[in-house]
Amino acid sequence: QKEVEQDPGPLSVPEGAIVSLNCTYSNSAFQYFMWYRQYSRKGPELLMYTYSSGNKEDGRFTAQVDKSSKYISLFIRDSQPSDSATYLCAMSRIKAAGNKLTFGGGTRVLVKP
Amino acid sequence: GAVVSQHPSRVICKSGTSVKIECRSLDFQATTMFWYRQFPKQSLMLMATSNEGSKATYEQGVEKDKFLINHASLTLSTLTVTSAHPEDSSFYICSAPGLTGATNEQFFGPGTRLTVL
């Protein structure tokens, strides 16, 4: 079993819809959670960074963490075709610059105009 | 945010040759950098952690003699794929931790696509 599970998709939604993404994990030691967006043949870019349980909102993006269920989510409101990309969740146990991240497999999202 | 560059963006080489990929932090110093490999439609697989001034730490199953890592300075890490074979064809991406060191965000380079003929 992988440490972090993520549905590969593709997830296809019409423009303007809410995109709902999630990851489950097995290691209860994870405390720091991130969401990255990766366009085809590009490096990932950081979208959201959260610590422990709770919600965080940034513009059209909302990240939720439920540590009791080992479940994290990312919601994208008013989705645009430019949101079409692969979304990767990532997490780590400690807060240290040299600490490596554990990634989910990524969910491919297609927003149709 | 922090900017990480990679060079080259794409390389095609013959089987048996060696290829060097550079990863640079452009506006900050990075004592640690990470090297990942990504196959089509798959997630990032961490290969090794590059440490300035010391040896790299390789993940299980990654051949250290095949994938040579040198962290020459606080802004440059290089990955050399030695005696490359077609199965080494992949997308190689580096990353560096955030500016302050107070978080464990990582900033990624644009990636290098390696094709071995």
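Worth a mention:
- Using the Karplus relation 6.51 cos²θ - 1.76 cosθ + 1.60 with θ = phi - 60°, the per-residue 3J(HN,Hα) values for region A:11-17 come to 9, 10, 9, x, 3, x, 6 Hz, with x marking Gly and Pro.
- R0 of 45 Å, Cβ-Cβ distance A:L11-B:L26: FRET efficiency to nearest 0.05: 0.85
- Summed side-chain charge close to A:S79 - residues other than A:S79 whose Cβ falls under 9 Å, Lys, Arg +1, Asp, Glu -1: -1
- Other protein chain Cβ atoms within 10 Å, averaged over every residue that makes up A:36-49: 5
- Amide H contacts under 5 Å for B:L44, placed H, 5+ residues apart: none
- Residue-by-residue Karplus 3J(HN,Hα) for region B:18-29, coefficients 6.51, -1.76, 1.60, Hz, glycine and proline x: 10, 10, 10, 10, 9, 10, 10, 8, 7, 10, 7, 9
- Inverting the pair-averaged 1/r between distinct Cα atoms of region A:1-65 gives 13.6 Å as its Kirkwood hydrodynamic radius.
- Rg followed by Dmax, in Å, when region B:41-117 is reduced to its Cα trace: 13.2, 43
- Normalised by the number of residues in chain B, the average gap of Cα pairs under 8 Å and 6 or more apart makes the relative contact order 36 percent.
- Summed buried accessible surface, chains A and B, 1.4 Å probe, nearest 100 Å²: 1800 Å²
- The longest part of chain B holding none of the exposed loop trypsin sites (Lys or Arg not before Pro), meaning those outside H, G, I, E and B in DSSP with at most 16 other Cβ atoms within 10 Å, is B:67-117.
- Other residues whose C-beta falls under 11 angstrom from the C-beta of A:F30 contribute a net charge of +2, scoring Lys and Arg +1 and Asp and Glu -1.
- Across region A:29-101, the relative contact order, built from alpha-carbon pairs under 8 Å that are at least six residues apart, equals 37 percent.
- Point-to-point label distance, A:Y51-B:S73, nm (Cα→Cβ direction, 7 Å offset): 3.4 nm
- Listed residues B:H71, B:H85 arranged by accessible area, highest first, probe 1.4 Å: B:H85, B:H71
- Averaging over all projection directions, the Cα-based convex hull of the protein assembly as shown occupies 12.5 nm² in the image plane.
The values are calculated or read from the model by the stated rules, or taken from the named source; none is laboratory data. These numbers come from a predicted model, not from an experiment. Please note: Cβ atoms are built from the backbone with ideal geometry, for glycine as well, and neighbour counts cover all protein chains shown. For accessibility, only protein heavy atoms count, side chains too; no ligands or nucleic acids. Shrake-Rupley method; radii C 1.70, N 1.55, O 1.52, S 1.80 Å.
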